[in-house]
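The values are calculated or read from the model by the stated rules, or taken from the named source; none is laboratory data. Please read all numbers here as calculations on a predicted model, not as lab measurements. Heads up, the Cβs are rebuilt from the backbone with ideal geometry, glycines too, and the neighbour counts pull from every protein chain shown.
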Amino acid sequence: MQLYLSRLAIGFMSAIPDILTALLILAGSYYAGVWLGRLLQRVLERKNAEAGATQLLSRIVKWTIITVGVIAALQRFFNVTAFLAGLGIIGFSVGFALQNILQNFASGIILLIQQPFKVGDDAGLAGYDGTVLKIGLRTTEMKTLNGLLVYLPNADVLSQPIINYTRANRRRVDLPVSVSYESDPEAVRTMILSEIRNVPGYMNTPVPQVLFHTFSASSIDLTVFFWVDTVLNPHTVAKDMALTRIQQIFRKNSVEVPYPVQVVRTQPKKPARNKK
């Protein structure tokens, strides 16, 4: 018994350095996890990320670091390689079964960190245009222009072009117009340029343009280009106002906007010859 106790004491004394090192690793990983988790939470809060997603991501970072610290501490006493290999096989199987969910989860994290758009922005996502209502870890919720609620997988959102209309505070209005062949092109150009300057949000730079480009069957076609400040006037409203003003000035100055015309010619029937 005395020999057993002496060996136990010797073993304990020899293990003291490993025990102290393991405790230091545990303490360091715990405080590092807590600090990095809080740091990530502050960063996401500054970016106005969703509260639930912010808490979840900060906890994932915290417990990931603590778990790594626990594994490193256990490594001081026995080889955990076989245990980790078993966990790796299990993790691979679970990951393969849940690859779509994990892909959307990873895409959600990237969207929350990079923030190409935020809640309340008007955006074009995965072929849909509308207002972003919620950015989750698996899906992004938006309300389309025709009032539909769409839940888009984050992987689809991230893999396709993202258009943020809200952040584009300057947009060009392209307005196709047609006038008759009897119209004077320079007079038409002057009238249009004078009217679009009265559209709210109109910008002098870049310089507006009225460009004639096509001789159609019954008209001369042109396109009006001008820029608006979308903070003062939405793009669609500016286009509507410009079209209305141009139509009014055309009517006031008797500038015709022609209808498509087709000319149909008929040949009179020849009288039938009398057979003798």
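What residue, of Ser218, Ser183, is of a type in the set (Gly, Ala, Ser) and at pLDDT below 90?
Values: Ser183 fails: at pLDDT below 90.
The match here is Ser218.
For segment 67-76, what are the residues that are surrounded by fewer than 18 Cβ atoms within 10 Å (Cβ to Cβ) and in contact (Cβ under 8 Å) with a residue 40 or more places away in the chain?
First, pick out the residues of segment 67-76 that are surrounded by fewer than 18 Cβ atoms within 10 Å (Cβ to Cβ): 67-68, 70-72, 74-76.
Those that are surrounded by fewer than 18 Cβ atoms within 10 Å (Cβ to Cβ) and in contact (Cβ under 8 Å) with a residue 40 or more places away in the chain: Val70, Ala72, Leu74, Arg76.
Which residues, taken from segment 119-134, are in a strand (DSSP E or B) and touching a helix residue (DSSP H, G or I) at 6+ places or on another chain (Cβ under 6 Å)?
We begin by selecting, within segment 119-134, every residue in a strand (DSSP E or B); these are 122-125, 128-134.
Result: Leu125, single match.
For segment 152-173, what are the residues that are part of a helix (DSSP H, G or I) and surrounded by 18 or more Cβ atoms within 10 Å (Cβ to Cβ)? Lay out the reasoning, then the answer.
Start the filter on segment 152-173 by keeping residues that are part of a helix (DSSP H, G or I), which leaves 154-159.
Hits for segment 152-173 are Asn154, Ala155, Val157, Leu158.
Taking segment 202-261 only, how many residues are among the aromatic types (Phe, Trp, Tyr), in a strand (DSSP E or B) and either touching a Ser or Thr at 6+ places or on another chain (Cβ under 7 Å) or surrounded by 14 or more Cβ atoms within 10 Å (Cβ to Cβ) (or both)? Please lay out each step first, then the result.
Taking segment 202-261 and keeping what is among the aromatic types (Phe, Trp, Tyr), we get 202, 212, 215, 225-227, 250, 259.
Those still in the list that are in a strand (DSSP E or B) too: 202, 212, 215, 225-227.
Filter once more, so that each one left must be either touching a Ser or Thr at 6+ places or on another chain (Cβ under 7 Å) or surrounded by 14 or more Cβ atoms within 10 Å (Cβ to Cβ) (or both): 202, 212, 225-227.
So the count comes out to 5.
Table: residues versus (1) assigned by TED's automatic domain parsing to the domain that holds Leu44; (2) part of a strand (DSSP E or B); (3) within 28 Å of Asp229 (Cβ to Cβ).
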{"position": "Phe105", "(1), (2), (3)": "no, no, no"}
{"position": "Ile110", "(1), (2), (3)": "no, no, no"}
{"position": "Asn146", "(1), (2), (3)": "no, no, yes"}
{"position": "Val150", "(1), (2), (3)": "no, yes, no"}
{"position": "Leu175", "(1), (2), (3)": "no, yes, yes"}
{"position": "Glu182", "(1), (2), (3)": "no, no, no"}
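Going through Glu195, Glu186 one at a time, which residue ends up being outside any loop (DSSP other than H, G, I, E, B), surrounded by 14 or more Cβ atoms within 10 Å (Cβ to Cβ), acidic (Asp, Glu) and out of contact with any strand residue (DSSP E or B) (no Cβ under 7 Å at 6 or more places or on another chain)? Quick ask: steps written out before the conclusion?
Values: Glu186 fails: surrounded by 14 or more Cβ atoms within 10 Å (Cβ to Cβ).
One residue alone meets the criteria, Glu195.
Within segment 121-135, restricting attention to residues that are out of contact with any Leu (no Cβ under 8 Å at 6 or more places or on another chain) and surrounded by fewer than 19 Cβ atoms within 10 Å (Cβ to Cβ), which residue is nearest to Thr230 (Cα to Cα)? Give the steps one after another, and end with the answer.
Taking segment 121-135 as the starting set, the residues that turn out to be out of contact with any Leu (no Cβ under 8 Å at 6 or more places or on another chain) are 121-124, 127, 131, 134.
If we keep only those that are surrounded by fewer than 19 Cβ atoms within 10 Å (Cβ to Cβ) too, we end up with 121, 124, 127, 131, 134.
Details: Asp121: 13, Gly124: 16, Gly127: 22, Thr131: 15, Lys134: 23 Å.
Per the criteria, the residue is Asp121.
Return yes when Thr54 is within 25 Å of the chain's Cα centre (by Cα), at pLDDT below 75 and not assigned by TED's automatic domain parsing to the domain that holds Lys134 and no when it is not.
Values: within 25 Å of the chain's Cα centre (by Cα): yes; at pLDDT below 75: yes; not assigned by TED's automatic domain parsing to the domain that holds Lys134: yes.
In short, yes.
Pairs please, first residue from segment 27-43 and closer than 14 Å to Ile71 by Cβ, second anywhere and part of a helix (DSSP H, G or I) and among the small types (Gly, Ala, Ser), Cβ atoms under 7 Å, 6+ apart in sequence or on different chains.
Going by the 7 Å Cβ cut-off, the qualifying pairs are Gly28/Gly69; Ser29/Gly69; Tyr30/Gly69.
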